[in-house]
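Engineer: Got a structure for you, written out below as structure tokens; questions coming shortly.
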Amino acid sequence: MFTTPRTLAALAVAPLLLMAAPSLAATDPGTAPAARPAAQDPVLGLTPAEVRAWLIEKGATVAVPRTIEGETIEGEAFQGQTVLQVNDGSTNWLIFFYGCDATGRCQDIQFAANIVADGLSLDRINAWNREQRFVKGYLQMNPNGTNAAVLQFDVLLQPGLGVEQMNDPTVVWLELLARFIESLIAPTNEVAPAAPVTLPTTGS
């Protein structure tokens, strides 16, 4: 299960400044101080495999990562991005990886979903974008002529925090994705309550 974020500011973890206390014991002036081990650089970014394993641990169904070469997914053309296709038990969505280095570690990700439903309009999308800060949307027409809302949420990954930093943004994404879907059955001038969304547990 995901843990509910205390605040979104928790994603920005300030480093602790450690000050070494002076030794009270007398030292032999002829003794050289012990060499300190060299500090290791923090690991930058995450790999698609790490994110996939973490989502599966939380109970999601996630396809193996694949790199898009000149394909169109949900109405958008992509070239060279790696993507995960995710089902959280109720909704299908995607994670795109950007800023990836030669080792496959990526510096930022984008959650995305394509919502096809009756009642989609530019007015509804504009109202959503005015009222919501993090997950933004736009209206597009699918090849079959139906309107679709594309929702996107970009996240910058922090160095040294590991895959658990995915928890807070994933909770935000799931809550706002559910809120958007709920808003489609409400009049445009009403604010739909947030629907609780969690990934299914693995039974452990």
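Engineer: Can you work out the FRET efficiency for the pair GLU57 and GLN110, with r the C-beta to C-beta distance and R0 = 35 Å, to the nearest 0.05?
Structural biologist: After rounding, the FRET efficiency stands at 0.95.
Engineer: Separate question: For THR91 and VAL64 in the same chain, what is the full-extension length gain: residue separation times 0.36 nm, less their Cα-Cα distance, in nm?
Structural biologist: Full extension from THR91 to VAL64 adds 8.0 nm.
Engineer: So, one more: What accessible surface, in Å², does a 1.4 Å probe find on GLU164, ignoring ligands, DNA and RNA and rounding to the nearest 10?
Structural biologist: Answer for GLU164: close to 100 Å² accessible.
Engineer: Further, regarding this structure: Based on the mean of other Cβ atoms within 10 Å per residue, sort peptides 168-178, 123-133 so the most packed one is first.
Structural biologist: 168-178, 123-133
The values are calculated or read from the model by the stated rules, or taken from the named source; none is laboratory data. Since we're looking at a predicted model, the values are computed, not measured. Every residue, glycine as well, gets a Cβ built from its backbone with ideal geometry; the counts of neighbours run over all protein chains shown. All accessible areas refer to the heavy atoms of the entire protein, side chains included, with ligands and DNA or RNA removed. Shrake-Rupley method; radii C 1.70, N 1.55, O 1.52, S 1.80 Å.
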